[in-house]
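A quick write-up on the structure given underneath.
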Amino acid sequence: MFTNSIWNAHAANQSFSELNEDLTVDVAIVGGGITGVTTAFLLKERGMKVAILEAREIGRGTSSHSTGNLYAITDNLLEPLRSKYDKEVVGKIVRARESAVNFIEQTVQRFQIECDFKRLPLYLFEDKNEKDLGAERKRAEEAGLGTADLTEPFPVSGIKGFSYPDQAQFNPLLYIQGLAKVIEGENCSIYENTRVSDIDKTDNGFILKTTGGRVTAKYVIQATHTPKGVELQYHTVLGPYREYGIAAKLQSGTYPEGIFWGYFNGDKFSFRSYSRGGEQYLLCIGRPHKVGQAKDNKEHIQELISFAEEKFKIKEVVYKWGGQNYKPADLLPYIGRKTSNSNELIATGFSTDGLTYGTLSAIINTDIITGRKNEYEALFKASRHNPAKASKEFIKENFDVAAQLVKDWLSRGSDEQLKNIPPGEAQVVKIDNKKVAVYRTNGGEFRAFSAVCTHMGCIVNWNNAEKSWDCPCHGTRFDVEGEVLEGPAFDPLQRIQE
C-alpha cells in the first residue's frame, strides 16, 4: 500500500475511543500528532484538564510520514536564515531547536519509551560546487554548533561537505504512542475518530463541535499542522508542499548510520538507515512539489527510487509514502496566540522540521497558557507581524496558481471523459458546465463530488500516487470518499448523487 510509511508498519497496536458525549476541559487540543500529544503531556503535568481530539488515529498523520530525524539546524540550512536575521537570532533558533531535541531524549529516558532513539551525526554534503557549504559551516560555528570533517568510508562517492555531531533519530510514531500511553487517564482524555467541524468563540472560551459531541474549553490549541478554517493571515504566507519517502532493503553493502543530506545537481535528497524486528532498511526522502500541482505524482516516487538505485544496491522497495509540510515565508514557524489577546493558540509553518518544531511549540504554548516566561516565545510569536504584508510572493503564488488551474479546467472536460477513466483512477471533468471530481472504483462504479475545495473554493486535482483529491491553493487533501485527510478545510467535498 502506497501510504503505508515505515513508521506505520512498525507501530504499536494502540487505539482510543471516540467521543460520544459533551465534555468540559481547561484546554481542547485539536490534533493528535507530536505537537498535540506533547502539549497534552506538559499541560497535564501542570495540573490542567485537557482533551485531545484526533480526526483519525493518534500519531498516524503527518508525524508518522516524517523522516524521524531530529536536528538543531533547519531544512533551509542556516545561510538563508542569516540573510534574514542577525547571528544572535540565528543562534537563538539553533538553541531553541536543541532544547526540543534534548526534551525528547529526556522524555524517552524518563518513561523508558522504546522508540529507537539514537544520537548520530548529520552529514551535509554535495557532489558539485553549487552550494557554498563553507559559508554554511561558518554560520553553524557562529551559531555555536560544533562541526567535523567528513571521514572515510562514506556511503556515496565524489562528495564534499562536513558533519554536525550529536544530532538524533528515532521512530516518531512509537514515541508518540508511548507518550500517549503515559498521559491518558486522570485529567487527560484522548479521542480518536473525532473530527472537529467548527470552533465557536464564546464569552468564556470556546465550544468545539465534533462528530461525537460538544467540547467546552477555556483554551483551544490547533495542533493540526496548519490552522483549520479560513485564516488568511496564515494561509496566504504558508506554502503547502508534499515530499516523498521510500524504505528499501539492500542487495549488498552497509546501511549508513546517521542523517545524510546530499545535494545532487542542486536537488536535495535525505537518507538514513533504520533497524527494527531484525530487519534493516534504507530510507530515502525527496522530490518535493507544491500540493495539487504535480502533473504525475507517481513520477516523483519513481525519481526517488531511481536516485536510491543509482547510489545503493537496492534489492527491494518495501514501503512508499508521502508527507506534507507548510513552508513559512520568513523561514520561522508561527507559534503562540492566534492574535495578541486570544486564548486560541496555533503551531504551524514547521516546513520539514515538524518533529523538532512540534515539540518546541508544545513547550512554548504550555508556558503561555500557564503563565510562565519562555525565552523563545517572542521569536516565534504567531502574531509577530502582519503576515499578509510580509509575504507578497506567497499571496501572489497562491492566487496565480488557483487562477491558472481554474482557467485550464474551464477549457477541458466533457461527459465523454467518464468512459476513459480506468478503474482505481480519477479525473476532474465538466458535467453540465460544473467541475466534477470523479473517481472510478476498482469495481467500475463512479463516485462523484463537486471539484470545488470546501476551504476557499479552488479546484482540486487528482493525486494518482496517493489516491486523493489535493487542493493546489492551501493544501487540503480529500480521500476518494470526499472526506478531509488533512489541511485547513473543515467540510468534506460535496457529494453528487447519481
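The values are calculated or read from the model by the stated rules, or taken from the named source; none is laboratory data. These figures come from a predicted structure and were not determined experimentally. For neighbour counting, all protein chains shown are included, and Cβ atoms are generated from backbone atoms with ideal geometry for every residue, glycine included. Calculation scope for accessible area: heavy atoms of the full protein, side chains included, ligands and nucleic acids excluded. Shrake-Rupley method; radii C 1.70, N 1.55, O 1.52, S 1.80 Å.
One line per residue, one yes/no per condition, for (1) of a type in the set (S, T, N, Q); (2) assigned to a loop (DSSP other than H, G, I, E, B); (3) modelled with pLDDT of 95 or more:
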residue	(1), (2), (3)
Asn4	yes, yes, no
Phe16	no, yes, yes
Ile29	no, no, yes
Gly32	no, yes, yes
Val37	no, no, yes
Val90	no, no, yes
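Could you list all residues from segment 290-317 that are under 22 Å from the mean Cα position of the chain (by Cα) and closer than 23 Å to Gly253 by Cβ? Once the filter is applied, which keeps residues that are under 22 Å from the mean Cα position of the chain (by Cα) and closer than 23 Å to Gly253 by Cβ, segment 290-317 yields Ile301, Gln302, Glu303, Leu304, Ile305.
Ser64 - would you say it is out of contact with any Cys (no Cβ under 8 Å at 6 or more places or on another chain) and surrounded by fewer than 19 Cβ atoms within 10 Å (Cβ to Cβ)? For Ser64, the condition - out of contact with any Cys (no Cβ under 8 Å at 6 or more places or on another chain) and surrounded by fewer than 19 Cβ atoms within 10 Å (Cβ to Cβ) - is not met. Val94 meets each of the listed conditions (1) farther than 21 Å from Ile176 by Cβ; (2) β-branched (Val, Ile, Thr); (3) not in a helix (DSSP H, G or I) apart from (3).
Give segment 213-261 a look and list any residue that's open to solvent by 20 Å² or more (accessible area, probe 1.4 Å), not polar (S, T, N, Q) and not in a strand (DSSP E or B), or say none. Across segment 213-261, the qualifying residues are His225, Lys228, Val230, Glu231, Leu232, Gly253, Tyr255, Glu257. Counted as qualifying within segment 297-360 are the strands (runs of 3 or more DSSP E) with 2 or more residues that are open to solvent by 10 Å² or more (accessible area, probe 1.4 Å) and in contact with a strand residue (DSSP E or B) (Cβ under 9 Å, 6 or more places away or on another chain), namely 314-328. Taking the condition of being outside any strand (DSSP E or B) and under 18 Å from Asp296 (Cα atoms), how many residues in segment 418-428 meet it? Of the residues in that region, 6 qualify.
Say we look at segment 226-259 and pick out the residues that are charged (D, E, K, R) and under 30 Å from His455 (Cα atoms); which of these is farthest from the chain's Cα centre (by Cα)? Of everything passing the filter in segment 226-259, Glu231 is farthest from the chain's Cα centre (by Cα). Considering segment 190-204, and only residues there that are on the phi < 0 side of the Ramachandran plot and part of a loop (DSSP other than H, G, I, E, B), the residue that is surrounded by the fewest Cβ atoms within 10 Å (Cβ to Cβ) turns out to be Asp203.
The C-beta contact set for segment 482-498 (first residue on the phi > 0 side of the Ramachandran plot and small (Gly, Ala, Ser), second residue assigned to a strand (DSSP E or B) and surrounded by 15 or more Cβ atoms within 10 Å (Cβ to Cβ), distance under 6 angstrom, 6+ apart or interchain) comprises Gly482/Phe449; Gly487/Arg477. What about Leu208, is it open to solvent by less than 50 Å² (accessible area, probe 1.4 Å) and within 20 Å of the chain's Cα centre (by Cα)? Taking the combined requirement at face value, the residue does not satisfy it. Taking (1) more than 20 Å from the chain's Cα centre (by Cα); (2) buried (at least 19 other Cβ atoms within 10 Å of the Cβ); (3) without any contact (Cβ under 8 Å) to a residue 60 or more places away in the chain in turn, Arg287 satisfies each apart from (1). The set of residues in segment 42-56 that are open to solvent by 30 Å² or more (accessible area, probe 1.4 Å), out of contact with any helix residue (DSSP H, G or I) (no Cβ under 8 Å at 6 or more places or on another chain) and not in a loop (DSSP other than H, G, I, E, B) contains only Glu45. Select, from Gly144, Gly158, Gly178, the only residue that is assigned to a loop (DSSP other than H, G, I, E, B) and touching a residue at least 40 places away in the same chain (Cβ under 8 Å). So the residue among Gly144, Gly158, Gly178 that is assigned to a loop (DSSP other than H, G, I, E, B) and touching a residue at least 40 places away in the same chain (Cβ under 8 Å) is Gly144. Consider segment 1-30 and keep the residues that are under 30 Å from Ser275 (Cα atoms) and of a type in the set (A, V, I, L, M). The one that is least open to solvent (accessible area, probe 1.4 Å) is Ile6.
Residues of segment 451-498 being assigned to a strand (DSSP E or B), open to solvent by less than 50 Å² (accessible area, probe 1.4 Å) and of a type in the set (Val, Ile, Thr), which ones? Lay out the reasoning, then the answer.
Within segment 451-498, the first condition is being assigned to a strand (DSSP E or B), and the residues that meet it are 452, 459, 461-463, 468-470, 477-478, 484-486, 495.
Filter again for open to solvent by less than 50 Å² (accessible area, probe 1.4 Å), leaving 459, 461-463, 468-470, 477-478, 484, 486.
If the condition is that a residue be assigned to a strand (DSSP E or B), open to solvent by less than 50 Å² (accessible area, probe 1.4 Å) and of a type in the set (Val, Ile, Thr), then Ile459, Val484 are the ones that fit.
Got at least one residue in segment 429-450 being assigned to a loop (DSSP other than H, G, I, E, B) and surrounded by 21 or more Cβ atoms within 10 Å (Cβ to Cβ)? Checked segment 429-450: no residue is assigned to a loop (DSSP other than H, G, I, E, B) and surrounded by 21 or more Cβ atoms within 10 Å (Cβ to Cβ). Criterion first (in a helix (DSSP H, G or I), at pLDDT 95 or above and within 24 Å of Val196 (Cα to Cα)) does Thr24 satisfy it? No: the conditions fail for Thr24. Checked against the criteria, Gly349 does not count as modelled with pLDDT under 95 and at positive phi. The residue that is nearest to Leu355 (Cα to Cα), counting only those in segment 108-133 that are open to solvent by less than 50 Å² (accessible area, probe 1.4 Å) and assigned to a helix (DSSP H, G or I), is Val108. Taken residue by residue, segment 80-89 has at least one member that is under 23 Å from the mean Cα position of the chain (by Cα), farther than 30 Å from Ala12 by Cβ and touching a residue at least 40 places away in the same chain (Cβ under 8 Å). Does Ala100 qualify as being closer than 20 Å to Asn69 by Cβ, open to solvent by less than 30 Å² (accessible area, probe 1.4 Å) and touching a residue at least 12 places away in the same chain (Cβ under 8 Å)? It is true that Ala100 is closer than 20 Å to Asn69 by Cβ, open to solvent by less than 30 Å² (accessible area, probe 1.4 Å) and touching a residue at least 12 places away in the same chain (Cβ under 8 Å). Of all residues in segment 273-284 being over 14 Å from Ile314 (Cα atoms) and outside any loop (DSSP other than H, G, I, E, B), which is most open to solvent (accessible area, probe 1.4 Å)? Checking each candidate, the answer is Glu279.
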